[in-house]
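First up is the structure itself, then whatever we jot down about it.
The values are calculated or read from the model by the stated rules, or taken from the named source; none is laboratory data. This is a predicted model, so every value here is computed, not measured. Here the Cβ positions follow ideal geometry from the backbone for every residue, glycine too, while neighbour counts run over all protein chains shown. Surface accessibility is based on the protein's heavy atoms, side chains included, excluding ligands, DNA and RNA. Shrake-Rupley method; radii C 1.70, N 1.55, O 1.52, S 1.80 Å.
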Number of protein chains: 2
Amino acid sequence: MKYEDYVCLGYSPRKQELITVLRFKAKNPKRAAGALAAESSIGTWQEVKTEKSYVKKLAAKVFFLRKEGKHYITKIAYPIELFEPGNIPNLLSSVAGNIFGMKELQSLRLEDITMPRKFVKSFEGPHYGIEGIRKVMRVKKRPLIGTIIKPKLGLKPKDHARVALEAWLGGCDIVKDDENLASQKFNEFEKRLRITMKAKEKAERETGEKKAYVVNVTAETLEMLERAEKVEKLGNGYCMIDIITCGFSALQSLRKNTRLIIHGHRAMHAALTRNKNQGISMKVIAKLARLAGVDQLHVGAVFGKMHEGKEEVKKNVEALKEDIGLKPTMPIASGGLSPLDVPHLVDFFGPDVIIQMGGGIHAHPQGTFAGARAARQAIEAVMQGEKLESYAKKHEELRQALDFFKK
Amino acid sequence: MKYEDYVCLGYSPRKQELITVLRFKAKNPKRAAGALAAESSIGTWQEVKTEKSYVKKLAAKVFFLRKEGKHYITKIAYPIELFEPGNIPNLLSSVAGNIFGMKELQSLRLEDITMPRKFVKSFEGPHYGIEGIRKVMRVKKRPLIGTIIKPKLGLKPKDHARVALEAWLGGCDIVKDDENLASQKFNEFEKRLRITMKAKEKAERETGEKKAYVVNVTAETLEMLERAEKVEKLGNGYCMIDIITCGFSALQSLRKNTRLIIHGHRAMHAALTRNKNQGISMKVIAKLARLAGVDQLHVGAVFGKMHEGKEEVKKNVEALKEDIGLKPTMPIASGGLSPLDVPHLVDFFGPDVIIQMGGGIHAHPQGTFAGARAARQAIEAVMQGEKLESYAKKHEELRQALDFFKK
């Protein structure tokens, strides 16, 4: 088959086909779209003598092609037999593999992917999801509030645990390691885990609330699974994995081999997702993370230090919640947030969100404990339908936070 | 510390520091460079109250900043204590993590990374490398010649093995699965492995040469390791992993748990590497793949269907061979190549290269066997210092190939 043979405009995809939406730039758009379908299914740059008649029914089909400014939007339908069930790397190697580097195109972005329900069911999906997390955390309605230990790197385990304790006592539900804390010499994994868990238990006793320590297990896969096992054995219920820098094989391995709630950090995603003309949308990453089994995922802060705006984050959240036959993943807002942002965040996300503040808590003029109190007070205000400014009149920590972060 | 505090222009990095080179666009370049160093080491958007005096010595330092057109080049030095030895995901989560998504910058590309020798030695590196591969394959001087079974997907194991056999008999050293063949229903992993290995053994008996079957083990990590174990038990010496779609955790796991020669396919790399303003250079990916232990890696075809030109591929090859205390990784040229390209490829790469042709062999007018003969004849011609056109006068398959692919 030639590239052009893969173009079947007007074709109606069958129910058992996987669909991708791509945005590209090319001099010969029809040939380029055909090249995309060929290279991502059964074809190559030459008609080969080894092609069997029974192979052709597996060809992908370009069924939509439209100009949009200087770019083109195309949709491609793939017979589901092309992919190994339950194997995310295999899926990506096809529909998001060589095609990004082809000369036929000047740029290419994978915008969306939709899959037949039966194929979706070949993946684990979240073990807990939104409902499961609420049950474990014993928080029925309000957004969960979390913090990231800061400084990102450098604290010794004892100081790490002390910061965690203050955050929990102040009102945080969740305290997490930052994405680049693994098992460095200044703060080794098991030491940190043990001492921070003690702080967690103390906080639970003192507050009567359930607290979570989201410890970062990011490492080579078997080392990561060993770390997750330690976490589980010590009775902690949570772990975090950097899903992009570890990769999808390891993420799937973690899901299959732990009962921990999986917190997905997306460090490095923007190397793939930020450019509008080349790469993969965060929406697609979010869909794949949910398939793999991430229970809660960073999806953008909307109001913070990261670049994504409302429209983009909305799509990410939809990807985590749409009805595809798997549990919904809890969205996490994180990156440059402070108590000031809480009303806007709840307005945007609804109550099903984890609001994380790092600098927004630890930079509070009175320190972490007060910062955590201020964050919790902001949540209380919103849940009671009260303005932050008015609630701050009765709550000193929130008042100080508003003054400080307004600057 | 504030963002600006991370900028120390004129600072001379110490021997035990890791250096990155970044290309970015920003309105306030000095502040942006400081933000990069902060977010990738110990800082965040606010000065936090939890910072201890002993933490500051771990701060990254911007020591170089220069305008280049509309962009800026910056170099950052990181104390090596920031990173867990032997943990690639952890390294990436720091130096290539959140920074890609920061509002302070409009775009960012990680161009290069250099590491202290001691840190490099915390990784396995290639088990075989160029010399080991030559020893196993019993090919002393000439480039190795490989093919990819085509069609990419769809062939049944029996037909897959038949194509492989013809390619080996014709003169290919290596026959490999395509990047998106894993264990689909139409061609299950173990069936394919067993029957293709039989073909390999037959080819070895008939040609008296050593042949390699590079079988794709891409999957969830533990499943992948099981597949690799099967390959090893059955006496095959090679496997392939899609390093980007599987991810670095899984790649490191494979290296630590197999004695197979590891063939690294880079499907999806161009989603990260192609745009010159956002993402990560292929050179950096090549360096990391070598650290992790890839024995032979796709680095671009220069003359084929992929976009990379000579300059880019040259850098990738240098990354595989530079003296860093690990074995050199063998470069693979692949993607839209035919026998016509062989002289140019050998001229460019030298003899230490695996030249792969898929369509360039299987589209030969007389089919795969003749295509493989033509490819091998092209190598012979070059090694004997003869022009293809002249060698083709005595070699029918090569003559047909030249006529066909010239079109």
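Scan region A:125-173 for residues that are of a type in the set (D, E) and within 14 Å of chain B (Cβ to nearest Cβ) and report the count. Break it down stepwise before answering.
In the first step, residues of region A:125-173 are kept if they are of a type in the set (D, E); the result is A:131, A:159, A:166, A:173.
Add one more test, that the residue is within 14 Å of chain B (Cβ to nearest Cβ), and what stays is A:159, A:166.
Going through region A:125-173 one residue at a time, the tally reaches 2.
Mind checking which helices (runs of 4 or more DSSP H) fall wholly inside region A:329-407 and carry at least 1 residues that are of a type in the set (K, R) and open to solvent by 10 Å² or more (accessible area, probe 1.4 Å)? Give the derivation first.
On the way: elements: A:342-349, A:359-362, A:368-383, A:388-392, A:396-406.
Where helices (runs of 4 or more DSSP H) fall fully within region A:329-407 and carry at least 1 residues being of a type in the set (K, R) and open to solvent by 10 Å² or more (accessible area, probe 1.4 Å), they are A:368-383, A:396-406.
Hey, can you tell me all the residues within region B:59-71 that are open to solvent by less than 10 Å² (accessible area, probe 1.4 Å) and either within 27 Å of B:A292 (Cβ to Cβ) or in contact with a Cys (Cβ under 7 Å, 6 or more places away or on another chain) (or both)? Walk me through how you get there before you give the answer.
Residues of region B:59-71 open to solvent by less than 10 Å² (accessible area, probe 1.4 Å): B:59-60, B:62.
Passing the criteria: B:A60, B:V62.
Among the residues of region B:380-387, is there at least one that is closer than 23 Å to B:E111 by Cβ and not acidic (D, E)? Before you say what the answer is, go through the steps one by one.
Here is the first cut: in region B:380-387, the residues closer than 23 Å to B:E111 by Cβ are none.
For region B:380-387, residues closer than 23 Å to B:E111 by Cβ and not acidic (D, E): absent.
Restricting attention to region B:64-110, which residues are touching a Leu at 6+ places or on another chain (Cβ under 9 Å), farther than 24 Å from B:A270 by Cα and more than 8 Å from chain A (Cβ to nearest Cβ)?
The answer is B:F64, B:L65, B:I76, B:A77, B:Y78, B:P79, B:I80.
Output the residues belonging to region A:177-233 that are of a type in the set (A, V, I, L, M, F, W, C) and touching a Pro at 6+ places or on another chain (Cβ under 6 Å).
From region A:177-233, those of a type in the set (A, V, I, L, M, F, W, C) are A:181-182, A:186, A:189, A:193, A:195, A:197, A:199, A:203, A:212, A:214-215, A:217, A:219, A:222, A:224-225, A:228, A:231; that's our starting set.
Scanning region A:177-233 gives a single hit, A:I195.
Can you pull out every residue in region A:365-407 that is among the charged types (D, E, K, R) and more than 10 Å from A:G170 (Cβ to Cβ)? Talk me through it step by step, then tell me what you get.
Narrowing region A:365-407 to residues among the charged types (D, E, K, R): A:373, A:376, A:380, A:386-387, A:389, A:393-394, A:396-397, A:399, A:403, A:406-407.
Correct list: A:E380, A:E386, A:K387, A:E389, A:K393, A:K394, A:E396, A:R399, A:D403, A:K406, A:K407.
Quick check on this structure: which one of B:A33, B:A26 is closer than 10 Å to B:I76 by Cα and modelled with pLDDT of 95 or more?
Numbers: B:A26 fails: closer than 10 Å to B:I76 by Cα.
Exactly one residue qualifies, and that residue is B:A33.
Can you find, within region A:297-317, the residue that is surrounded by the fewest Cβ atoms within 10 Å (Cβ to Cβ) among those that are in contact with a Leu (Cβ under 9 Å, 6 or more places away or on another chain) and outside any loop (DSSP other than H, G, I, E, B)?
Going through region A:297-317, the residues in contact with a Leu (Cβ under 9 Å, 6 or more places away or on another chain) turn out to be A:297, A:299, A:301-305, A:307, A:316.
After this cut, where a residue has to be outside any loop (DSSP other than H, G, I, E, B) as well, the list is A:297, A:316.
Working: A:L297: 26, A:N316: 24.
Ranking the candidates gives A:N316 first.
Those residues that are open to solvent by 20 Å² or more (accessible area, probe 1.4 Å) and touching a residue at least 40 places away in the same chain (Cβ under 8 Å), I need them from region B:77-88; list them, please.
If the condition is that a residue be open to solvent by 20 Å² or more (accessible area, probe 1.4 Å) and touching a residue at least 40 places away in the same chain (Cβ under 8 Å), then B:I80 is the only one that fits.
Identify, please: which residue in region A:174-209 is within 19 Å of A:M357 (Cα to Cα) and touching a residue at least 40 places away in the same chain (Cβ under 8 Å) and is, among those, farthest from the other protein chains (Cβ to nearest Cβ)?
A:I174
Working only within region B:1-21, note down all residues that are open to solvent by less than 70 Å² (accessible area, probe 1.4 Å) and outside any loop (DSSP other than H, G, I, E, B).
B:Y3, B:Y6, B:V7, B:E17, B:L18, B:I19, B:T20, B:V21
Take A:K283 and tell me if it is part of a helix (DSSP H, G or I) and open to solvent by 20 Å² or more (accessible area, probe 1.4 Å).
yes
For region A:217-255, give me the residue count where each residue is under 18 Å from the mean Cα position of the chain (by Cα) and away from chain B (no Cβ under 11 Å).
Within region A:217-255, residues that are under 18 Å from the mean Cα position of the chain (by Cα) and away from chain B (no Cβ under 11 Å) number 2.
Suppose we filter region B:257-280 for residues that are more than 18 Å from the chain's Cα centre (by Cα) and in a helix (DSSP H, G or I); how many remain?
Adding up the residues that qualify gives 1.
Take B:T74 and tell me if it is among the hydroxyl-bearing types (S, T, Y), open to solvent by less than 10 Å² (accessible area, probe 1.4 Å) and more than 30 Å from B:R373 (Cβ to Cβ).
For B:T74, the condition - among the hydroxyl-bearing types (S, T, Y), open to solvent by less than 10 Å² (accessible area, probe 1.4 Å) and more than 30 Å from B:R373 (Cβ to Cβ) - is met.
Only one of A:I113, A:I133 is assigned to a helix (DSSP H, G or I), among the aliphatic types (A, V, I, L, M) and either open to solvent by 10 Å² or more (accessible area, probe 1.4 Å) or in contact (Cβ under 8 Å) with a residue 60 or more places away in the chain (or both). Can you tell me which? If you could, list the steps in order and put the result at the bottom.
On the way: A:I113 fails: assigned to a helix (DSSP H, G or I).
Exactly one of A:I113, A:I133 is assigned to a helix (DSSP H, G or I), among the aliphatic types (A, V, I, L, M) and either open to solvent by 10 Å² or more (accessible area, probe 1.4 Å) or in contact (Cβ under 8 Å) with a residue 60 or more places away in the chain (or both), namely A:I133.
Look at region B:219-244 and say how many of its residues are of a type in the set (S, T, Y) and out of contact with any Phe, Trp or Tyr (no Cβ under 7 Å at 6 or more places or on another chain). Don't jump to the end; show me each part of the working.
Going through region B:219-244, the residues of a type in the set (S, T, Y) turn out to be B:221, B:238.
When the remaining residues are screened for being out of contact with any Phe, Trp or Tyr (no Cβ under 7 Å at 6 or more places or on another chain), the result is B:221.
Of the residues in region B:219-244, 1 are of a type in the set (S, T, Y) and out of contact with any Phe, Trp or Tyr (no Cβ under 7 Å at 6 or more places or on another chain).
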